[in-house]
Amino acid sequence: MGSAARFTGSSIIVTGAGSGFGEASARRFAAEGGRVLLADIDVTGAQRVAQAIEAQGGEALALEVDVSQEAAIVQMVEAAQTAFGSVDVLVNNAGYSHLNKLLWKITVEEFDAVFAVNVRGVFLGCKHVIPLMIEQGGGAIVNIASIGAIAPRPGVTPYNGTKGAVLTMTKGLALEVARHKIRVNAVNPVAADTGFMRGATGKAELSEEMRANLISSVPLGRMAEPADIASAVTYLASEDAAFLTGTGLNVDGGRSI
Ligand SMILES: NC(=O)c1ccc[n+]([C@@H]2O[C@H](COP(=O)([O-])OP(=O)(O)OC[C@H]3O[C@@H](n4cnc5c(N)ncnc54)[C@H](O)[C@@H]3O)[C@@H](O)[C@H]2O)c1
């Protein structure tokens, strides 16, 4: 990790910050001096994380936001602007997967719903933060894609399609905003045992067999941890990554080699 104060004076929005990768990233930003707006459709989760950050002397604000809804995103950006005076970093992390099943068993409603959150949500976040960042003279956006965008596996094909879209939008957008000193990067995590897995598997807990199966494809021999993703997110958002834009950082223990 870099210096303890990489984000002092910075205002950061993290979507899906009430759990998993978003929670770990928000806590890391706050620990490094950032003021964090925690947006989540699960406002109780976002409030829990905000309280934990404040208890450690950090600055945080929790807000109920459904990232698939434009009005909610507009409100989120306004809330950060009002509370903190700027938006220096946006982490588009909120996302979920439909249940693991073959493409032809997936309903049109399930397909549309996962694209609405994972793709429209990222589009809306970028759309409403970029004009502010242009006015401010710069900023950084980090999108959470997935290793499934690069090396898909069966059972989550539309979900992986959403992450392919996120990765491609990351690259195209990086070109559109580079002259405004805005960097746009993505993180591609391998499987982690977060709330996400409960949605994808429909089970409260990963079975030992499922866990062993997931681990068997990872050369470094374990699943991802939220802290692994938080390290990558804060790195890409920080000045340590000043010359990186349009990248997709594989945080996958070698799974995609
Ligand atoms: N866990 C994995 O194996 C894995 C692997 C690769 C990528 N990802 C991606 O990482 C991101 C974070 O997932 P996680 O693993 O931390 O899971 P998680 O379920 O622990 O966290 C996701 C958070 O997003 C929130 N959310 C869901 N829909 C939302 C909406 N419409 N608006 C606002 N918030 C919403 C949830 O309430 C939750 O707090 C997701 O984009 C996911 O697709 C996860």
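The values are calculated or read from the model by the stated rules, or taken from the named source; none is laboratory data. Owing to the predicted nature of the structure, the values given are computational and were not obtained by experimental measurement. Reconstructed Cβ throughout: ideal geometry from the backbone, glycine too, with neighbour counts over all protein chains shown. Surface areas here come from the heavy atoms of the whole protein model, side chains and all, with no ligands, DNA or RNA. Shrake-Rupley method; radii C 1.70, N 1.55, O 1.52, S 1.80 Å.
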- Message: Please determine whether any residue of the stretch 97-116 is within 12 Å of the ligand (Cβ to nearest atom), open to solvent by 60 Å² or more (accessible area, probe 1.4 Å) and touching a residue at least 60 places away in the same chain (Cβ under 8 Å).
- Response: yes
- Report the residue count in the stretch 179-193 for those that are open to solvent by 20 Å² or more (accessible area, probe 1.4 Å) and in contact (Cβ under 8 Å) with a residue 12 or more places away in the chain. 5
- Restricting attention to the stretch 196-224, and to residues there that are within 10 Å of the ligand (Cβ to nearest atom) and open to solvent by 30 Å² or more (accessible area, probe 1.4 Å), which single residue is nearest to residue 132 (Cα to Cα)? 196
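I need the full set of residues from the stretch 5-45 which are of a type in the set (Val, Ile, Thr), near the ligand (Cβ under 7 Å from one of its atoms) and in a strand (DSSP E or B), in order please.
Quick first cut of the stretch 5-45, residues of a type in the set (Val, Ile, Thr) only: 8, 12-15, 36, 41, 43-44.
If we keep only those that are near the ligand (Cβ under 7 Å from one of its atoms) too, we end up with 15, 41.
15 - this is the single residue of the stretch 5-45 that is of a type in the set (Val, Ile, Thr), near the ligand (Cβ under 7 Å from one of its atoms) and in a strand (DSSP E or B).
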- Task: Pull up the stretch 166-178, narrow it to residues that are surrounded by fewer than 16 Cβ atoms within 10 Å (Cβ to Cβ) and among the hydrophobic types (A, V, I, L, M, F, W, C), then point me to the one that is nearest to residue 235 (Cα to Cα).
- Result: 178
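Let me confirm something: among 254, 246, which residue is surrounded by fewer than 19 Cβ atoms within 10 Å (Cβ to Cβ), within 16 Å of the ligand (Cβ to nearest atom) and in a loop (DSSP other than H, G, I, E, B)? Even if it seems obvious, please write down each step before you answer.
Details: 246 fails: within 16 Å of the ligand (Cβ to nearest atom).
Answer to the check: 254.
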- Query: What are the residues in the stretch 58-93 that are open to solvent by 30 Å² or more (accessible area, probe 1.4 Å), within 12 Å of the ligand (Cβ to nearest atom) and out of contact with any helix residue (DSSP H, G or I) (no Cβ under 7 Å at 6 or more places or on another chain), if any?
  - Reply: 69
- Task: For the stretch 165-172, indicate whether the set of residues that are within 12 Å of the ligand (Cβ to nearest atom) and closer than 22 Å to residue 81 by Cα is non-empty.
- Result: no
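Within the stretch 124-160, track down each residue that is within 22 Å of residue 68 (Cα to Cα) and away from the ligand (no atom under 13 Å from the Cβ). I'd like the intermediate steps shown before the answer.
Taking the stretch 124-160 as the starting set, the residues that turn out to be within 22 Å of residue 68 (Cα to Cα) are 124-133, 140-146, 148-149, 156-160.
Selection gives 126, 127, 128, 129, 130, 131, 132, 133, 140, 141, 157.
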- Task: Would you check if there is a residue in the stretch 149-165 being buried (at least 24 other Cβ atoms within 10 Å of the Cβ), under 30 Å from residue 10 (Cβ atoms) and under 21 Å from the mean Cα position of the chain (by Cα)?
- Result: yes
